[in-house]
Amino acid sequence: AGLRADTATYNTLIDALAEADGEKRQPAGAAALSLLDEMRAQGVEADHTTYNSLLKGFVRRRDDAGAEDVLERMAAAGLSPDVVTYSALMHLHCQAGDVAAAEAVLKTMEEAGLQPNTVAFNTLLHGLVARGDVDDATRMLHRMEACGVRPDEKTFSILLRAFASSDGGAAAGAAEYTLQQMDRAGVAAGASVYNSLMSMHLKAGDVAGAEEMLRRMRAAGVRPDQVTFNTMISAYAKRGDLKRALAKRLEMQGRGFRADYYTYTSLLMAHVRKKDAEGAEDVFREMAAAGLAPQPEHYSVLVSTYSNAGDAASAERVLWEAKGLGVPIHGSNVCALINAHAKGGAPDRAREVLAHLREEGGEANAVTYNCIMTAYAHRRDIKSVKAVLREMEDAKVAPTVVTYRVLLGAYRKAGNRAAANAVMQKLSRDFPREMEAGRGS
């Protein structure tokens, strides 16, 4: 005789289907219900684990109707909801942003004589934090403790997210409060908690506070992880402290952690803030050599950095490398390259890059057109100045007061007083406030 599947076997299969992600989620729900029907047909009894696994699957899919169907099937089988069932329902309501309904489920659970567990309270805490209710989240923690339910590290991690979303200036107090509460509850703070505390300080601009959290983390015997190092590298990079960012990266490697996208992006931006385009490209190349394909934002910022440094040749080299790999470059960064060519005395090349940008569906702003016009005006090339103005108008980019002042200056240098007077009249008519105030933009 063949082996007959039992309840545990079916529960394992249903639980696996409940964890399905992406496009497999919807078919998995139907398949899980089919297994329940098969259990009944085979005379295999479904238990709480069966129905709770089914319910959790529909909750993950945010399928209210499917969850209701499971509850009805559960009741028809003579099974009352247990703590896991109620917790799943609370999660369903919190996902929909209906924390009041989730709290009503908690009340129903207690009225049924069931003691909510840590998972149930964490679910409610998460819902309160998601809607930015810091005070209620703190009260829920006290209610949890009053019920004799022991918070865990996840409880405090959720609470920290609430503090992180509140006033940044309160970071130090919130950090101390959290650590004190964890100590009182006998919960050891792990790396994730310390990382959250560091991030809170950094959000408030308190790098010293973040460093103190790192010191306390080590004093508590908690090993810094990849997130810890990336958090501090990013903090130093944003301050422009490249020396300390690089030192932290070396320490990170010494602890056995490999640099990832976050690491390289932070270091690249540290060089950018110091206007060190070559240093930024060194990080860019190292990232690629490490098997991490640079993303569009990495190419874009490198193009922009070289352009802003006046190195149009290097900027264009990176631009065409990206194009060759099919990597899109943001239009604003291409405009920076166009401006670099124009300011570098190469308006013809600037126009060629602009034409390429427009062929690919990109658009330039008035600043870019004005920059090219200015370069031609310096050459006393009035014909090209007017041609660029026509291109600007064809592109439906509205000329600004700067546009017409460039044109005015070009006509004056060319000695064309009539044309200059006509532009002056247009300026006075279309930009009276700017002309009166003497503003140039």
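The values are calculated or read from the model by the stated rules, or taken from the named source; none is laboratory data. For clarity, every value in this text was computed on a predicted model and none was experimentally measured. Reconstructed Cβ throughout: ideal geometry from the backbone, glycine too, with neighbour counts over all protein chains shown. Calculation scope for accessible area: heavy atoms of the full protein, side chains included, ligands and nucleic acids excluded. Shrake-Rupley method; radii C 1.70, N 1.55, O 1.52, S 1.80 Å.
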Would you check if there is a residue in segment 346-368 being outside any helix (DSSP H, G or I) and closer than 17 Å to LYS413 by Cβ?
-> no
Please go through segment 384-439 and pick out each residue that is over 26 Å from ARG358 (Cβ atoms) and in a loop (DSSP other than H, G, I, E, B).
-> ALA414, GLY415, ASN416, PHE431, GLY438, ARG439
Top-ranked residue of segment 317-330 - restricted to ones that are open to solvent by 20 Å² or more (accessible area, probe 1.4 Å) and assigned to a helix (DSSP H, G or I), ranked as modelled with the lowest pLDDT = LYS323
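If you take the residues of segment 91-101 that are open to solvent by 40 Å² or more (accessible area, probe 1.4 Å) and assigned to a helix (DSSP H, G or I), which of them is farthest from TYR51 (Cα to Cα)?
Taking segment 91-101 first, the residues open to solvent by 40 Å² or more (accessible area, probe 1.4 Å) are 91, 93, 95-98, 100.
Going one step further and asking which of them are assigned to a helix (DSSP H, G or I), we end up with 91, 93, 95, 100.
On the way: HIS91: 16, HIS93: 18, GLN95: 20, ALA100: 25 Å.
Residue satisfying both the conditions and the ranking: ALA100.
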Among residues of segment 255-273 being within 24 Å of the chain's Cα centre (by Cα) and not in a helix (DSSP H, G or I), the residue surrounded by the fewest Cβ atoms within 10 Å (Cβ to Cβ) is ARG258
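Let me confirm something: among GLY310, GLY256, GLY331, which residue is without any contact (Cβ under 8 Å) to a residue 24 or more places away in the chain and not aromatic (Phe, Trp, Tyr)? If you could, list the steps in order and put the result at the bottom.
Details: GLY310 fails: without any contact (Cβ under 8 Å) to a residue 24 or more places away in the chain; GLY331 fails: without any contact (Cβ under 8 Å) to a residue 24 or more places away in the chain.
Result: GLY256 is the single residue among GLY310, GLY256, GLY331 that is without any contact (Cβ under 8 Å) to a residue 24 or more places away in the chain and not aromatic (Phe, Trp, Tyr).
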Report, ordered by the first and then the second residue, all pairs with beta carbons closer than 6 Å, sequence separation of six or more or different chains, a first member in segment 395-417 that is touching a residue at least 40 places away in the same chain (Cβ under 8 Å), and a second member that is assigned to a helix (DSSP H, G or I) and open to solvent by 30 Å² or more (accessible area, probe 1.4 Å).
-> VAL401/GLU434
Residues ALA88, ALA16, ALA104: which one is of a type in the set (Gly, Ala, Ser), open to solvent by less than 30 Å² (accessible area, probe 1.4 Å) and either in a loop (DSSP other than H, G, I, E, B) or within 23 Å of VAL119 (Cα to Cα) (or both)?
-> ALA88
Restricting the search to segment 126-157, which residues are acidic (Asp, Glu), open to solvent by 50 Å² or more (accessible area, probe 1.4 Å) and more than 16 Å from ARG184 (Cα to Cα)?
-> ASP135
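For SER34, are the conditions met, namely being within 34 Å of the chain's Cα centre (by Cα) and either open to solvent by 50 Å² or more (accessible area, probe 1.4 Å) or within 27 Å of ARG150 (Cα to Cα) (or both)? Even if it seems obvious, please write down each step before you answer.
Working: within 34 Å of the chain's Cα centre (by Cα): no; either open to solvent by 50 Å² or more (accessible area, probe 1.4 Å) or within 27 Å of ARG150 (Cα to Cα) (or both): yes.
Considered against the rule, which asks whether it is within 34 Å of the chain's Cα centre (by Cα) and either open to solvent by 50 Å² or more (accessible area, probe 1.4 Å) or within 27 Å of ARG150 (Cα to Cα) (or both), SER34 comes out as no.
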Only one residue in ALA170, ALA175 is in a helix (DSSP H, G or I), over 16 Å from HIS142 (Cβ atoms), modelled with pLDDT under 75 and touching a Leu at 6+ places or on another chain (Cβ under 8 Å), so which one is that?
-> ALA175
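From HIS201, HIS142, which residue is touching a Gly at 6+ places or on another chain (Cβ under 6 Å) and outside any loop (DSSP other than H, G, I, E, B)?
Working: HIS142 fails: touching a Gly at 6+ places or on another chain (Cβ under 6 Å).
Selected residue: HIS201, the only one of HIS201, HIS142 that is touching a Gly at 6+ places or on another chain (Cβ under 6 Å) and outside any loop (DSSP other than H, G, I, E, B).
Return the total of residues in segment 369-379 being of a type outside the set (A, V, I, L, M, F, W, C) and either open to solvent by 10 Å² or more (accessible area, probe 1.4 Å) or closer than 11 Å to LYS343 by Cβ (or both). So that I can check it myself, show each step before the final result.
As a first pass, look at segment 369-379 and keep what is of a type outside the set (A, V, I, L, M, F, W, C): 369-370, 374, 376, 378-379.
Okay, now just the ones that are also either open to solvent by 10 Å² or more (accessible area, probe 1.4 Å) or closer than 11 Å to LYS343 by Cβ (or both), so 370, 374, 378-379.
Total satisfying the criteria: 4.
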Residue check for VAL385: in contact with a Gly (Cβ under 8 Å, 6 or more places away or on another chain) and open to solvent by less than 10 Å² (accessible area, probe 1.4 Å) | no
Unmet requirement for ILE329, which otherwise passes all of (1) within 23 Å of GLY240 (Cβ to Cβ); (2) out of contact with any Asp or Glu (no Cβ under 8 Å at 6 or more places or on another chain); (3) of a type in the set (Val, Ile, Thr) = (1)
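Do we have any residue at all in segment 62-71 that's over 25 Å from the mean Cα position of the chain (by Cα), of a type outside the set (Gly, Ala, Ser) and surrounded by 23 or more Cβ atoms within 10 Å (Cβ to Cβ)? Give the derivation first.
Let us first name the residues in segment 62-71 that are over 25 Å from the mean Cα position of the chain (by Cα), namely 63-71.
Still in the running and of a type outside the set (Gly, Ala, Ser): 63-64, 68-71.
After this cut, where a residue has to be surrounded by 23 or more Cβ atoms within 10 Å (Cβ to Cβ) as well, the list is 70.
Checking segment 62-71: at least one residue is over 25 Å from the mean Cα position of the chain (by Cα), of a type outside the set (Gly, Ala, Ser) and surrounded by 23 or more Cβ atoms within 10 Å (Cβ to Cβ).
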Working only within segment 274-289, note down all residues that are exposed (fewer than 13 other Cβ atoms within 10 Å of the Cβ) and either at positive phi or not in a helix (DSSP H, G or I) (or both).
-> LYS275
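Please count how many residues of segment 68-85 are in a helix (DSSP H, G or I) and either polar (S, T, N, Q) or farther than 15 Å from LYS56 by Cα (or both). Give the derivation first.
We begin by selecting, within segment 68-85, every residue in a helix (DSSP H, G or I); these are 68-76, 83-85.
Now narrow it down to the ones that are either polar (S, T, N, Q) or farther than 15 Å from LYS56 by Cα (or both): 75-76, 85.
Qualifying residue count, segment 68-85: 3.
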Residue check, ARG244 modelled with pLDDT of 90 or more, surrounded by fewer than 20 Cβ atoms within 10 Å (Cβ to Cβ), basic (Lys, Arg) and more than 23 Å from SER304 (Cβ to Cβ) = yes
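Hey, does segment 309-324 have a residue that's closer than 24 Å to VAL207 by Cα and polar (S, T, N, Q)?
Of all residues in segment 309-324, those closer than 24 Å to VAL207 by Cα come to none.
There is no residue in segment 309-324 that is closer than 24 Å to VAL207 by Cα and polar (S, T, N, Q).
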